[in-house]
1. In the range 14-37, which residues are in contact (Cβ under 8 Å) with a residue 12 or more places away in the chain, open to solvent by 20 Å² or more (accessible area, probe 1.4 Å) and of a type outside the set (S, T, N, Q)?
2. What do you reckon, is Leu204 modelled with pLDDT of 95 or more and in contact with a Phe, Trp or Tyr (Cβ under 7 Å, 6 or more places away or on another chain)?
3. Would you say Leu70 is in contact (Cβ under 8 Å) with a residue 40 or more places away in the chain, closer than 26 Å to Ser230 by Cα and not β-branched (Val, Ile, Thr)?
4. Checking Gly83 against (1) open to solvent by 60 Å² or more (accessible area, probe 1.4 Å); (2) free of Cβ contacts under 8 Å to residues at least 12 places away in the same chain, only one condition comes out false. Which one?
5. Of all the residues that make up the range 189-231, how many are open to solvent by 10 Å² or more (accessible area, probe 1.4 Å) and among the charged types (D, E, K, R)?
6. Out of Trp36, Trp89, I need the residue that is more than 26 Å from Trp108 (Cβ to Cβ) and among the aromatic types (Phe, Trp, Tyr). Which one?
7. For the range 12-108, which fully contained strands (runs of 3 or more DSSP E) count at least 1 residues that are under 30 Å from Gly246 (Cβ atoms)?
8. Please work out which residue is modelled with the lowest pLDDT, limiting yourself to the range 207-255 and to residues that are among the basic types (Lys, Arg) and farther than 30 Å from Asp100 by Cβ.
Amino acid sequence: MRIIFVRHGEPDYTDDSLTEKGKREAELLSRRAKDWNIKDIYVSPFGRARETAEPTAKILGIEPIVFPWLREYSYQVLDPVHGRNSCPWDFIPSQLYEDDRMTSIDEWVNVAPNTSNNEVADNYPVVIKELDALIEKYGYERNGKYYIRKDGRERFIKNTVKEMKYCSIDDYPEDDSEPTILVVCHFGVICLMLSHLLNIPFELLTHGFILPTSSVTIVNTEERWGKEVSFRTQVMGDCTHLLNAGEPISNAGSFARLFQS
């Protein structure tokens, strides 16, 4: 299985839409995606995400499915450093690292300032539950920290370079027929899903990586031992479609100027 996450194009947050640049980004994304073997498209209910998905959905002839739980994970918390409300990931280093629970897999929701808004903790398990339900639809069931194939197929791969011997009757298909889904949503909720899939703390992802607007993040299932399945990231925050067309990468969401080459 392959999941392609796309952050929405450059946003106009005042009316939850795309800027003119964001619309160009969405169009360039669709040109990149036109040859993708996408089975289904899932999208956030927010306008900026739906506008981003529209050109790609049209060119692929797929009707997007809107999931409310793909909304941005932007439940506001009161930041004592500057006294303003902000998203539960825009923290300075001393806030992030002074309590080890903030960089744990599950305990980050129980640390101030995240505890200033109950919605942070209440909606975290909702996203995780719905994500696992979606993945199960394609034949993979959560088993602790990883997944298993529900159809019972087994593979045993000892090496990626040689002696690739399988226990099953079929090898990996050469026609890329494994299910691929496209998920168009937002930076925070993408990192929340990646945290669950990769077993990496949410706050480390949000503070350690930037996903530029309209960027592409690809995770694949690795099915190399028995029925066990894990997700592994191929690319994260890729903006090839923008750079190849001479469209600058937007600085939206970054506290530093982004590299443009």
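1. Result: Asp15, Asp16, Lys21, Lys23, Arg24, Glu27, Leu28, Arg31, Arg32, Lys34, Trp36.
2. In short, no.
3. yes
4. Only one criterion in (1) open to solvent by 60 Å² or more (accessible area, probe 1.4 Å); (2) free of Cβ contacts under 8 Å to residues at least 12 places away in the same chain is unmet by Gly83, namely (1).
5. Looking only at that region, the number is 4.
6. Step by step, each of Trp36, Trp89 is checked, and only Trp36 is more than 26 Å from Trp108 (Cβ to Cβ) and among the aromatic types (Phe, Trp, Tyr).
7. Strands (runs of 3 or more DSSP E) meeting the threshold: 40-43.
8. Arg224
The values are calculated or read from the model by the stated rules, or taken from the named source; none is laboratory data. Keep in mind that what you see is a predicted model, and the values were worked out from it rather than measured. We place every Cβ from the backbone using ideal geometry, glycine too, and count neighbours over all the protein chains shown. Calculation scope for accessible area: heavy atoms of the full protein, side chains included, ligands and nucleic acids excluded. Shrake-Rupley method; radii C 1.70, N 1.55, O 1.52, S 1.80 Å.
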